[in-house]
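**Q** Have a look at this one.
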Amino acid sequence: MSKEPGFSSVVIVAGGSGRRMGRPKQMLPLGGKPVLVRTIQAFKQVPSVRQIVVVTPSCNWPEVLKYISDVEFTDPGATRLESVKNGFACVDKSAQIVAVHDGARPLVNPTHIGDCLQAAQTYGAAVLAVPVKDTVKVAENEFVARTLDRNTLWAAQTPQAYRREVLQRALEEFGSQKDATDESQLVEKTGVKVRLVPSDYANNKITTPEDLIFAEALVNKQVIYRTGLGFDLHRLEPGRKLFIGGAEIAHTKGFLGHSDGDVVLHALCDALLGALCEGEIGILFPPTDPSIKGICSVDIAKKVLGIVRRRGAEIEHIDATLITEEPKIKPHYDAVRKSLANVFEIPLEKVSFKSKSHEKVGEIGRGEAAMCHAVATVKITNRETI
Ligand code: MG
């Protein structure tokens, strides 16, 4: 990472032993990746973050490096505050803003990270926080001593970000306070006012086994849509069967090809593969392979559907436009749509199919060939497969 003056550094503290979880919580899998890896990846998405220092035992370093490069590591201390100090010692001297983040908060929103860094730049110190949902009681000898006014209460999260000199002064003057549960307490003692930056409740610290279950549900809920484009053209030859979108249409000509030449299925398969960056059907089914000569295009589509499913994706919508002079396609719209819904195993309302003539222009206009343009949109619900 290039480190021009004014950049932000983040210290990610992941030194915990996982007393409550049985093993270090930061290395537990969440949606297929260690919690700590997801945490680091959130900061990788923030443009102003140019240095990431991960404070974690050296036994965790190789596992993190399987997923991420360009991070720096240092060993944790005996307490959280000692770990923060170790991380701060590794921070580049030209960093203007230094943020501290819990390694066990993997679902921090990168936009909120950016908000926090910006607020630190403006106010000197800032923490992400959410309004407290529960009514909070102060206890004395197992009885309620008093009830706090919930409207004034915020739960502090991380990152907590500071102008470099603000954090440095707080660590130097109050860094021996072993009971401090976050750095902003130390900064508050120096007299700097800490700005509250609204966050969300997904930025929870994974501390107990049920926290991990909630986090897993949130990861799996995250949905990404991708769209791909497909195109195909085949010659029309007399005496061959005509297949359009897997439906056999009565006509005097059919598509010439290594397979049955179904341009609509071929274009849609390429669109689906395009949405997943998986190449094109010529790679999966090389026209030079004699073993697949005469292959039914429905078999090609089923193989592509298998790839879609292996990637944790589902087909959200397909749309194909067949450009041909003959036969007239409009009477077959319903049959082709039903066939496509059947081949791709999706409801009819997710299938669009239409046709255009080529106004008697060129080879397509003379009925010597037909072509198809297609788009496909897939929904990916498991981020691990992206
Ligand atoms: Mg083709």
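What follows draws every value from the coordinates through simple rules; no lab data is involved. No experiment lies behind these values; they were computed from the predicted model shown. Neighbour counts are summed over all protein chains in view; Cβ atoms, including those assigned to glycine, are modelled from backbone coordinates with ideal geometry.
**Q** How large is the Rg to Rh ratio of segment 1-157 when both quantities use alpha carbon positions and Rh follows Kirkwood?
**A** My calculation of the ratio gives 1.02.
**Q** Read phi for every residue in segment 91-96 and hand back ³J(HN,Hα) as whole Hz from Karplus 6.51 cos²θ - 1.76 cosθ + 1.60, θ = phi - 60°, with x for Gly and Pro.
**A** Going residue by residue, I get 5, 4, 5, 8, 5, 8 Hz, with x marking Gly and Pro.
**Q** Using modelled backbone amide H atoms (1.01 Å from N, in-plane), which distant-in-sequence or interchain residues come within less than 5 Å of GLY124's amide H?
**A** Amide H neighbours of GLY124, under 5 Å, 5+ apart: ARG163.
**Q** Would you grab the residues whose amide H sits under 5 Å from the one on SER355? Only those 5+ places off in sequence or on another chain, please, with H modelled 1.01 Å from N.
**A** For SER355, whose amide H was placed from the backbone, the distant partners under 5 Å are LEU322.
**Q** Given the -39500 (n - 2.57) contribution per DSSP H run of 4+ residues, what per-residue ellipticity at 222 nm results for the chain, rounded to the nearest 500 deg cm²/dmol?
**A** -9000 deg cm²/dmol
**Q** Using the Karplus equation 6.51 cos²θ - 1.76 cosθ + 1.60 (θ = phi - 60°), what ³J(HN,Hα) coupling, rounded to whole Hz, does each residue of segment 329-341 give in order, writing x for Gly and Pro?
**A** Calculated HN-Hα couplings, in order: 8, 3, x, 9, 3, 4, 5, 5, 4, 4, 5, 4, 4 Hz.
**Q** Which residues make up the longest stretch of the chain that has no chymotrypsin sites (Phe, Trp or Tyr not before Pro) in a DSSP loop with at most 15 other Cβ atoms within 10 Å?
**A** It works out to 202-386.
**Q** Shifting gears a bit: Determine, at each q value in 0.13 (inverse angstroms), the log₁₀ of I(q)/I(0) that the Debye formula gives when each Cα of the chain is one equal point scatterer.
**A** For the chain, the Cα-only Debye profile gives -0.96.
**Q** If you don't mind, another one. Arrange THR377, THR56, THR79 by Cβ neighbour counts within 10 Å, fewest through most, would you?
**A** Taking fewest neighbouring Cβ atoms as first place, the list is THR79, THR377, THR56.
**Q** Got a sec to turn the phi values of segment 69-78 into Karplus ³J(HN,Hα) couplings, 6.51 cos²θ - 1.76 cosθ + 1.60 with θ = phi - 60°, whole Hz, x for Gly and Pro?
**A** 10, 6, 10, 10, 10, 8, 7, x, x, 6
**Q** From the Cα gyration tensor of segment 276-382, with a ≥ b ≥ c the square roots of its eigenvalues, which class applies: rounded if a/c is under 1.5, or else prolate if a/b is larger than b/c, or else oblate?
**A** oblate
**Q** Report, in debye and to the nearest 20, how large the dipole of the chain comes out about its Cα centre when Lys and Arg carry +1 and Asp and Glu carry -1 on their Cβ.
**A** Charge dipole, the chain, about its Cα centre: 240 debye, nearest 20.
**Q** Restricting attention to segment 51-131, which trypsin sites (Lys or Arg not before Pro) occupy a DSSP loop and are surrounded by at most 14 other Cβ atoms within 10 Å?
**A** LYS66, LYS93
**Q** Oh, and also: So what is the relative contact order for segment 292-366, in percent, with contacts set as C-alpha pairs under 8 Å and at least six apart?
**A** That works out to 37 percent.
**Q** If you keep only loop residues by DSSP, which trypsin sites (Lys or Arg not before Pro) in segment 115-166 have at most 12 other Cβ atoms within 10 Å of their Cβ?
**A** Here the trypsin sites (Lys or Arg not before Pro) that fit, given the DSSP loop and packing criteria, are LYS133.
**Q** Using the charge dipole of the chain (Lys, Arg: +1 at Cβ; Asp, Glu: -1 at Cβ; taken about the Cα centre), state which of PRO287, LEU36, THR152 has its Cα farthest towards the positive end.
**A** Checked the options; the winner is THR152.
**Q** Next question, about the same structure. Tell me which residues come under 5 Å, amide H to amide H, from GLN157 once H is placed; ignore anything under 5 positions away on its chain.
**A** LEU128, ALA129, VAL130
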